[in-house]
Amino acid sequence: MHKDRVERDFSARSEEEQQAFLQETWCDNCQEANLGMQNPREYLYKGVIFIEGECNRCASVVLTELTEDDF
């Protein structure tokens with residue numbers, strides 16, 4: 001999958017947007033919402049924008065897929 005990724009600059013987003021994406025999360029491992037994420041990486045994959053990071057509680061991968069509603 002990594003070879004098909006196009007890296008994007010998460011820090012180019014407004015501070016408000018960044019904070020929303022970092023705080024409004026869902027962790028599949030913890031099965032809980034809004035635990036937050038750290039070390040965000042934003043990329044485009046097959047026409048879809050993703051923000052991926054690590055859960056603040058358990059450090060598992062947290063993945064947010066941006067939809068039209070997010071823009």
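The values are calculated or read from the model by the stated rules, or taken from the named source; none is laboratory data. Bear in mind that the values here come from a model prediction, so they are computed numbers and not experimental data. Heads up, the Cβs are rebuilt from the backbone with ideal geometry, glycines too, and the neighbour counts pull from every protein chain shown. Calculation scope for accessible area: heavy atoms of the full protein, side chains included, ligands and nucleic acids excluded. Shrake-Rupley method; radii C 1.70, N 1.55, O 1.52, S 1.80 Å.
Would you mind telling me the share, in percent, of accessible area of the chain contributed by carbon and sulfur at probe 1.4 angstrom?
Values: 2150 of 4780 Å².
The C+S portion of the solvent-accessible surface of the chain is 45 percent.
Report the Stokes-Einstein translational diffusion coefficient (µm² s⁻¹, integer) for segment 11-53, Rh taken as the Kirkwood radius over Cα pairs, at 10 °C with viscosity 1.306 mPa s. Mind showing how you got there, number by number?
Details: Rh = 11.1 Å.
The diffusion coefficient I find is 142 µm²/s.
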Checklist outcome for this item: Taking a crude spin-label model, label points 7 Å out from Cα along the C-beta direction, the R8 to V61 distance in nm is 1.8
Next on the checklist: What number comes out for accessible area per residue over segment 1-54 if the probe is 1.4 Å? Units Å², please.
Outcome noted: 65
Next on the checklist: I'd like to know which of F50, Q23, A33 lies farthest towards the positive end of the charge dipole of the chain, counting +1 on Cβ of Lys and Arg and -1 on Cβ of Asp and Glu.
Outcome noted: F50
Next on the checklist: Sort 26-38, 4-16 by the packing proxy (mean of other Cβ within 10 Å over each peptide's residues), most packed first.
Outcome noted: 26-38, 4-16
Checklist entry - What size of dipole, in debye to the nearest 20, comes out for the chain about its Cα centre when the only charges are +1 on Lys and Arg C-beta atoms and -1 on Asp and Glu C-beta atoms? => result 360
